[in-house]
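Trainee: Pasting a structure here, questions to come.
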Amino acid sequence: MLVVMQEGASEAQVQQVIDRMVQLGFNVHRSTGVVHTVLGGVGGKQEFDVATFEVMEGVQEAHRIMSPYKLANRTFRPGGTVVKIGGGGHPPVEIGGNQVVVMAGPCSVETRDQIERAAEIVARGGAKIIRGGAFKPRTSPYSFQGLGENGLELMRAAADRNGLLVVSEVMDLTQIPLLVQYADILQVGARNMQNYNLLRELGRIRKPVLLKRGIAATIEELLLSAEYILAGGNYDVILCERGIRTFENYTRNTMDISAIPVVKKLSHLPIVADPSHGTGRRDKVAPMARAALAAGADGLLMEVHHDPDHALSDGAQSLYPAQFEELMGQLRMIAPAVGRSI
Ligand code: PEP
Ligand code: MN
């Protein structure tokens, strides 16, 4: 870490800072300039809050040099992580390799007929994984909350008939065994990105986890949430940029495309993009999907419904089947231009 003392800071103040750094296990290197004294700390082992230095007498600024996440850091696996999913009758799918993986389907599983149609549409379009919530985190308690286990059963059957893998959301600890039974990837929704008990428990399972960015979460917070899962021994974590809340309210969220290359640099974990929740409007989904692929996303998570106008949730952002097919064609053209296949 680095601490810059204020101009005219007293020797006692400098010494207090040095003592604190030593307490934290740092070797302190002091550089006395004409105006400022700068203290460089190396080798600290303990976790610390940089603000404790910022508020000390005589300190002008303090900076952390090492990132607070270790296992999620790119330096942990410089070559990047490829998450292998499925098997057991399905051709395994890899996320984080050369191939860009499309996960698509309705916001919620509604009926057997609806999820069967969705599975046919997404498989025909070239998606490898079907999405659909059986447990739905809805803003209003009066909105459709999902079919629960029955929804998972229906989606698993529809997926198996169409050679697809399944991603579905887990909302709390008690649902983990059910999701493990029916899904190939467990999704942690934006609202739960900082549910640390849930994350810790997902570190203990041996199934991939799709971790969505919280609506007001920084990239560092997203990576620290991933760290919880990795620290438990589950290294199969896929990150997801799904838009963040900003002052702009034309779109439902602001799709942070720049998070994709930023995460790629900071972390070895694969990152996918969700332009459906990222924009909230179906006419904006295709442009953002194309942009995310071009920006380096390892996959796309998108909502598609056979009849979006009658969907029980997120109809306005769900693609019509023909739009999905057209978009898949465009993605197949973009992928080779950025050195990827789809
Ligand atoms: C979803 O993917 O169905 C969902 C609820 O997304 P988010 O958690 O990103 O809002
Ligand atoms: Mn949705």
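The values are calculated or read from the model by the stated rules, or taken from the named source; none is laboratory data. Predicted model only: the values in this text are computed from it and were never measured. When we count neighbours, we look across all protein chains shown, and the Cβ atoms used for this are built from the backbone with ideal geometry, even at glycine.
Trainee: Could you list, in sequence order, all residues of the range 39-69 that are among the β-branched types (Val, Ile, Thr) and either touching a Gly at 6+ places or on another chain (Cβ under 9 Å) or in a loop (DSSP other than H, G, I, E, B) (or both)?
Mentor: Those that are among the β-branched types (Val, Ile, Thr) and either touching a Gly at 6+ places or on another chain (Cβ under 9 Å) or in a loop (DSSP other than H, G, I, E, B) (or both): Val50, Val55, Ile65.
Trainee: Turning to a different aspect of this structure: Has the range 120-141 got any residue that is farther than 14 Å from Ser313 by Cα, β-branched (Val, Ile, Thr) and assigned to a helix (DSSP H, G or I)?
Mentor: Looking through the range 120-141, at least one residue is farther than 14 Å from Ser313 by Cα, β-branched (Val, Ile, Thr) and assigned to a helix (DSSP H, G or I).
Trainee: When the residues of the range 92-139 are narrowed to those that are among the small types (Gly, Ala, Ser) and away from ligand 1 (no atom under 16 Å from the Cβ), which ends up surrounded by the most Cβ atoms within 10 Å (Cβ to Cβ)?
Mentor: Among them, the one singled out is Ala119.
Trainee: Right, here's the next one. What number of residues within the range 211-249 satisfy the criterion of being in a loop (DSSP other than H, G, I, E, B) and hydroxyl-bearing (Ser, Thr, Tyr)?
Mentor: So the count comes out to 3.
Trainee: A further question on this structure: Which is within 25 Å of the chain's Cα centre (by Cα), among the acidic types (Asp, Glu), surrounded by fewer than 14 Cβ atoms within 10 Å (Cβ to Cβ) and outside the structural domain of Leu319 (by TED's automatic domain parsing), of Glu7, Glu47, Glu57?
Mentor: Selected residue: Glu47, the only one of Glu7, Glu47, Glu57 that is within 25 Å of the chain's Cα centre (by Cα), among the acidic types (Asp, Glu), surrounded by fewer than 14 Cβ atoms within 10 Å (Cβ to Cβ) and outside the structural domain of Leu319 (by TED's automatic domain parsing).
Trainee: Looking at the structure I just gave you, is Val209 touching a Leu at 6+ places or on another chain (Cβ under 9 Å), within 16 Å of ligand 2 (Cβ to nearest atom) and not small (Gly, Ala, Ser)?
Mentor: Answer is no for this residue.
Trainee: If the requirement is being in contact (Cβ under 8 Å) with a residue 12 or more places away in the chain and either small (Gly, Ala, Ser) or away from ligand 1 (no atom under 16 Å from the Cβ) (or both), which of these qualifies: Leu147, Leu164, Leu152?
Mentor: None of the others qualify; the one that does is Leu164.
Trainee: Here's a follow-up. Just need a number here: residues in the range 255-308 that are hydrophobic (A, V, I, L, M, F, W, C), within 15 Å of ligand 1 (Cβ to nearest atom) and over 16 Å from Val102 (Cα atoms).
Mentor: Residues meeting the conditions: 2.
Trainee: When you scan the range 70-78, do you find a residue that is basic (Lys, Arg), assigned to a loop (DSSP other than H, G, I, E, B) and buried (at least 18 other Cβ atoms within 10 Å of the Cβ), even just one?
Mentor: no
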